[in-house]
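The values are calculated or read from the model by the stated rules, or taken from the named source; none is laboratory data. These numbers were taken from a predicted model, which means no experiment stands behind them. Because the Cβ atoms are built from the backbone with ideal geometry, glycine has one as well, and the counts that use them run over all protein chains shown.
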Amino acid sequence: MGRRLPTRRPKAFRSFPALEVGGRHAPATGGDIRLHTTARRADLCFELALRLRRELGDAAEAIEEVHGFRYLDVRDLTRWEQLAVREQEAAIGRRKRDSRELEIVRHSFPYGTTSECGLFFIAFTCDLAIPEKMLRRMMGALGDGLHDRLMEFTRAVSGATFFAPSLAGLRALGTR
């Protein structure tokens with residue numbers, strides 16, 4: 001590969017905090033690097049991922065690969081149809097019809113195959129305390145007895161924290 005990523009970690013960077021509260025689990029699965037691509041065309045994301053994997057070669061082992069997509073009118077694939085639409089909307093914080101925010105904002109991507117599907121959640125922040133507090137609220141770990149009802153219909157299967165370099169930092173990698 002020739003070029004090397006910086007090895008110095010940002011001061012406030014820390015590992016993803018695994019949580020287990022009231023039968024709800026948010027595991028810490030870790031990893032050293034995450035390649036996140038997004039575009040309106042899935043074929044372009046796939047092509048870029050292939051090129052990145054070839055570039056990394058034996059220097060990296062893929063421990064998880066998730067391909068997200070837009071589903072119908074930007075809905076997720078959570079299987080909870082037994083709930084009334086109003087209850088689903090109250091749990092998510094958005095109207096189902098048009099995705100208008102009701103209480104909260106979440107950035108998520110549906111993913112799946114015909115045998116397994118789910119919701120991939122990702123957050124970008126300068127302050128890890130923000131998504132950690134969101135996670136603790138979702139899981140019911142704030143000590144007030146409340147949790148996100150979505151956790152009654154889903155289970156978290158992975159979790160990790162990654163450093164995302166600035167655009168200037170990425171450009172600097174290309175000039176070495």
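In the range 141-156, the residues that are closer than 22 Å to Ser108 by Cα and hydroxyl-bearing (Ser, Thr, Tyr) form Cβ pairs under 9 Å with partners that are at pLDDT below 90 and assigned to a loop (DSSP other than H, G, I, E, B), at six or more places apart or across chains, as follows: Thr154/Thr78; Thr154/Arg79; Thr154/Trp80. Just to be sure, is Gly140 surrounded by 13 or more Cβ atoms within 10 Å (Cβ to Cβ), farther than 12 Å from Val21 by Cα and touching a Gly at 6+ places or on another chain (Cβ under 9 Å)? The answer is no for Gly140.
Starting from residues that are assigned to a helix (DSSP H, G or I) and either polar (S, T, N, Q) or buried (at least 16 other Cβ atoms within 10 Å of the Cβ) (or both), keep the ones in the range 109-137 and report whichever is farthest from the chain's Cα centre (by Cα). Here the residue is Arg136. The residues in the range 138-176 that are touching a Pro at 6+ places or on another chain (Cβ under 9 Å), farther than 24 Å from Gln82 by Cα and assigned to a loop (DSSP other than H, G, I, E, B) can be counted, and the count is 5. Taken over the range 17-45, the criterion of being hydrophobic (A, V, I, L, M, F, W, C) and at pLDDT 90 or above is satisfied by Ala18, Leu19, Val21, Ala26, Ala28, Leu44. The sole residue among Arg8, Arg86, Arg54, Arg4 that is surrounded by fewer than 11 Cβ atoms within 10 Å (Cβ to Cβ), more than 24 Å from Ser158 (Cβ to Cβ), of a type outside the set (A, V, I, L, M, F, W, C) and modelled with pLDDT of 90 or more is Arg54. Does any residue of the range 136-148 turn out to be of a type outside the set (A, V, I, L, M, F, W, C) and modelled with pLDDT under 80? No, there is no match, as no residue in the range 136-148 is of a type outside the set (A, V, I, L, M, F, W, C) and modelled with pLDDT under 80. Look at (1) of a type outside the set (A, V, I, L, M, F, W, C); (2) more than 14 Å from the chain's Cα centre (by Cα); (3) more than 24 Å from Thr154 (Cα to Cα) and you find that Glu20 fails only one, number (3).
When you look at Leu48, is it surrounded by 11 or more Cβ atoms within 10 Å (Cβ to Cβ), at pLDDT 80 or above, under 20 Å from the mean Cα position of the chain (by Cα) and assigned by TED's automatic domain parsing to the domain that holds Val157, yes or no? Spelling it out, it is not the case that Leu48 is surrounded by 11 or more Cβ atoms within 10 Å (Cβ to Cβ), at pLDDT 80 or above, under 20 Å from the mean Cα position of the chain (by Cα) and assigned by TED's automatic domain parsing to the domain that holds Val157. Got a number for residues in the range 89-101 being modelled with pLDDT under 65 and either surrounded by 12 or more Cβ atoms within 10 Å (Cβ to Cβ) or assigned to a helix (DSSP H, G or I) (or both)? Result for the range 89-101: 2.
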